[in-house]
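Colleague: Once you've had a glance at the structure underneath, I'll fire off some questions.
The values are calculated or read from the model by the stated rules, or taken from the named source; none is laboratory data. Every value quoted in this text rests on a predicted model; they were computed, and no experiment measured them. Cβ: placed from backbone, ideal geometry, glycine included. Neighbour counts: every protein chain shown.
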Amino acid sequence: MAGLFGWAGAAVAMAAPVAGRLADVRGPRLTIGAALAIMVLAYGVLGVLGHQLWGLIFGVILLDLGAQANQISNQARIYSLPAEAHNRLNTVYMVSFFAGGAAGSWLGAYSWSRWGWSGVCTVGTCLLLVGLVRYVLPVRAPVRSGGEA
């Protein structure tokens with residue numbers, strides 16, 4: 001049974017180039033929004049069907065697909081910037097990515113101990129909804145200081 005999850009990972013790995021091409025053609029912002037929506041859907045599937053093996057596998061595939069598309073799209077944004085910023089920004093991104101992963105793991109374990117499977121799915125969904133809210137908020141240009149009018 002555990003081997004089925006390996007096949008699920010292989011399926012997502014084959015979909016990663018599609019996400020990269022979509023980010024190149026339509027822009028990484030669009031694929032980031034789609035990835036967040038896919039991950040919200042994944043937690044919905046996991047919350048409702050995660051008690052059955054096929055539901056768990058399907059939910060994990062969706063969650064991994066969304067995470068991979070998000071990762072590829074964010075790195076596409078970094079590498080679209082001037083070359084001298086790539087290493088520095090990728091370092092900041094990856095440190096933030098792994099710190100967020102560690103915090104999410106802790107929060108998932110805490111949610112499991114307090115509320116079980118439904119708590120894990122609810123907390124994951126809420127965190128992704130925060131990301132979606134941030135995604136839809138307009139991006140404002142930074143305010144320049146100085147004597148400019």
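Colleague: Taking the condition under 19 Å from the mean Cα position of the chain (by Cα) and of a type outside the set (Ser, Thr, Tyr), does Gly50 pass?
Modeller: When the stated conditions are applied, Gly50 does not pass them.
Yes/no matrix, rows are residues, columns are (1) modelled with pLDDT under 90; (2) under 21 Å from Val139 (Cα atoms); (3) surrounded by fewer than 19 Cβ atoms within 10 Å (Cβ to Cβ):
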residue	(1), (2), (3)
Phe5	yes, no, yes
Pro28	yes, yes, no
Leu49	no, no, yes
Leu62	no, no, no
Met94	no, no, yes
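Colleague: Still on this structure: If I go through the stretch 54-80 residue by residue, how many of them are among the aliphatic types (A, V, I, L, M) and either touching a residue at least 40 places away in the same chain (Cβ under 8 Å) or touching a Cys at 6+ places or on another chain (Cβ under 8 Å) (or both)?
Modeller: So the count comes out to 7.
Colleague: Separate question: Suppose we filter the stretch 101-115 for residues that are loosely packed, with under 12 Cβ neighbours inside 10 Å and not polar (S, T, N, Q); how many remain?
Modeller: Looking only at that region, the number is 6.
Colleague: Give just the number: which of (1) assigned to a helix (DSSP H, G or I); (2) in contact (Cβ under 8 Å) with a residue 40 or more places away in the chain does Val18 not satisfy?
Modeller: Among (1) assigned to a helix (DSSP H, G or I); (2) in contact (Cβ under 8 Å) with a residue 40 or more places away in the chain, Val18 violates only (2).
Colleague: Moving on. Search the stretch 23-33 for residues being among the aliphatic types (A, V, I, L, M) and touching a residue at least 12 places away in the same chain (Cβ under 8 Å), and hand back the single one that is farthest from Gln52 (Cα to Cα).
Modeller: Ranking the candidates gives Ala23 first.
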